[in-house]
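Shown next, in structure tokens, is the structure this report addresses.
The values are calculated or read from the model by the stated rules, or taken from the named source; none is laboratory data. Keep in mind it's a predicted model, so treat the numbers as computed, not measured. All Cβ positions, even for glycine, are placed from backbone atoms using ideal geometry, and neighbour counts span all protein chains on display. The accessibility values were calculated without ligands, DNA or RNA, using every heavy atom of the protein model including side chains. Shrake-Rupley method; radii C 1.70, N 1.55, O 1.52, S 1.80 Å.
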Amino acid sequence: MKEKIYLIPGLMTDERLWKRLIPLLEDEYELIHVPIPHSEDFDEIIDILFDYIKEEKVNILGFSLGGYIASYFAVTYPNRVNKLFMLAATPGASNEAEIERRKEKFAVIEKNGFNGLTYEKAQSLVEKKNQNDEDLIKTIQDMFMDLGKETFISQLTSTFNRLDLFLDLVNLDLPIYFYYSTEDRLLNHESIKKLLSTEHNIKIVSREGTSHNISLEEPKELSKQIKKWMNI
């Protein structure tokens, strides 16, 4: 029987986030996509996940917002987690400047409606070497548009309520892997500096580049890191 890995996506992403990664891992692992529950309350979100996940202990990988949710789940229910993988995600709270920028997005939606991502905006979210990858750009656009306004508002609002999980996370007694791009503009780099300057057992691995959507942009590289994590 293959070992299972539960995959939690990020803000405005769904199972298509894993479409380039799954073929590289499915011979060895059973990969289970877990949609982010529709709630603005992280306690409610992880309680829904608690009931959704039937195994006694699981390997859980979360991307971006999903990485924060996976971390929150792990520090709240450590007896339910075997291993934790944080992909392009940090455990810190949102700062005031971030919250204000996100509130401004709500104002734009109220004024202009929900129009998804333009091609140019989606293209700007990927590394320069991947900006001619039509399938990649369209996947990012399609996920965002298909999930829609209500999901966007719910997921973005939840980020206002982030607690700093740093101390709880570094004190967990389980294998934790943190993988990110060094120039990822969407990450909280102050939180990363804190992780890098503190003694703990978290395995921190970085890659050179700007990619946030690593599973779509660098699936081979990511699959190797996941296999290392699973072999800890």
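Could you order Glu120, Glu44, Glu56 by accessible surface area, starting with the largest, using a probe radius of 1.4 Å?
Working: Glu120 120, Glu44 95, Glu56 155 Å².
Reading off the accessible areas and sorting them downward yields Glu56, Glu120, Glu44.
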In whole Hz, the Karplus estimates of ³J(HN,Hα) for the stretch 64-79 (6.51, -1.76, 1.60; θ = phi - 60°; x where Gly or Pro) are 6, 4, x, x, 5, 4, 4, 5, 4, 4, 5, 6, 8, 10, x, 6
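How do Leu174, Leu84 rank by accessible surface area computed with a 1.4 Å probe, from largest to smallest?
Accessible-area ranking of Leu174, Leu84, largest first: Leu174, Leu84.
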Of the accessible area of the chain, computed with a 1.4 Å probe and all protein chains kept, carbon and sulfur make up a percent value of 48
Per residue, accessible area of the stretch 1-76 with a 1.4 Å probe, heavy atoms of protein chains only, in Å², comes to 43
Which residues qualify? For Asn59, with a placed amide H closer than 5 Å and at least 5 residues away or on another chain, they are Tyr6, Asn82, Lys83
Ranked by GNM mean-square fluctuation in the chain (Cα springs under 10 Å), the top entry among Ala89, Ala74, Ala122 is Ala122
Per the rule of 0.36 nm per residue minus the C-alpha distance, extending Lys228 to Thr157 adds in nm 22.1 nm
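Hey, with R₀ at 22 Å, roughly what FRET efficiency would Ile22 and Phe50 work out to, going by the Cβ-Cβ distance, to 0.05? Write out the running numbers ahead of the final one.
Numbers: r = 25 Å, r/R0 = 1.13.
Calculated transfer efficiency: 0.35.
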In Å², rounded to a whole number, the accessible area per residue of the stretch 134-232 with probe 1.4 Å is 50
Among (1) 1, 6, 14, 19, 21, 19, 12, 6, 2, 0, 0; (2) 1, 6, 11, 14, 16, 15, 13, 9, 6, 4, 2, 1, 1, 0; (3) 1, 5, 8, 8, 7, 6, 6, 5, 5, 5, 4, 4, 4, 4, 4, 4, 3, 3, 3, 3, 2, 2, 2, 1, 0, 0, the entry matching P(r) over Cα pairs in 5 Å bins from 0, in percent as calculated here is (1)
The set of residues whose placed amide H lies less than 5 Å from the amide H of Arg207, leaving out same-chain residues fewer than 5 positions away, is Tyr180, Ser181, Thr182
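If contacts are Cα pairs under 8 angstrom and at least 6 residues apart, what is the relative contact order of the stretch 28-168 in percent?
Details: 138 pairs, mean separation 40.9, N = 141.
Contact order relative to length: 29 percent.
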Expected vector for the stretch 204-221, Karplus 3J(HN,Hα) from phi with 6.51, -1.76, 1.60 and θ = phi - 60°, integer Hz, x for Gly and Pro, equals 9, 10, 10, 10, 6, x, 9, 4, 9, 7, 4, 5, 8, 8, 9, x, 5, 4
Measure of exposure for Ser94: accessible area at 1.4 Å probe, Å² rounded to 10, is 20
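Do any of Lys57/Lys228; Lys103/Lys138; Lys128/Lys220 go past 24 Å between their Cα atoms, and which? Mind showing how you got there, number by number?
Details: Lys57/Lys228 19 Å; Lys103/Lys138 26 Å; Lys128/Lys220 18 Å.
In this structure, Lys103/Lys138 exceed 24 Å between Cα atoms.
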Karplus ³J(HN,Hα) for the stretch 2-9 (6.51 cos²θ - 1.76 cosθ + 1.60, θ = phi - 60°; Hz, whole; x = Gly/Pro) runs 6, 6, 8, 10, 8, 10, 10, x
Descending accessible area (1.4 Å probe), largest on the left, turns His200, His189 into His189, His200
Probe 1.4 Å, all chains present, heavy atoms only: Ile48 accessible area in Å², nearest 10, is 70
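Filter the trypsin sites (Lys or Arg not before Pro) in the stretch 1-86 to those in DSSP coil with at most 15 other Cβ atoms within 10 Å of their Cβ, and list the result. Display every interim value, and only then the final one.
On the way: sites: Lys2, Lys4, Arg16, Lys19, Arg20, Lys54, Lys57, Arg80, Lys83; in loops: Lys2, Lys19, Arg20, Lys54, Lys57.
Counting only loop positions with at most 15 other Cβ atoms within 10 Å, the trypsin sites (Lys or Arg not before Pro) in the stretch 1-86 are Lys2, Lys19, Lys54, Lys57.
Among the trypsin sites (Lys or Arg not before Pro) within the stretch 99-190, which fall in a DSSP loop and have no more than 12 other Cβ atoms within 10 Å of their own Cβ? Let's see the in-between values first.
Numbers: sites: Arg101, Arg102, Lys103, Lys105, Lys111, Lys121, Lys128, Lys129, Lys138, Lys149, Arg162, Arg185; in loops: Arg162, Arg185.
Qualifying residues, ordered by number: Arg185.
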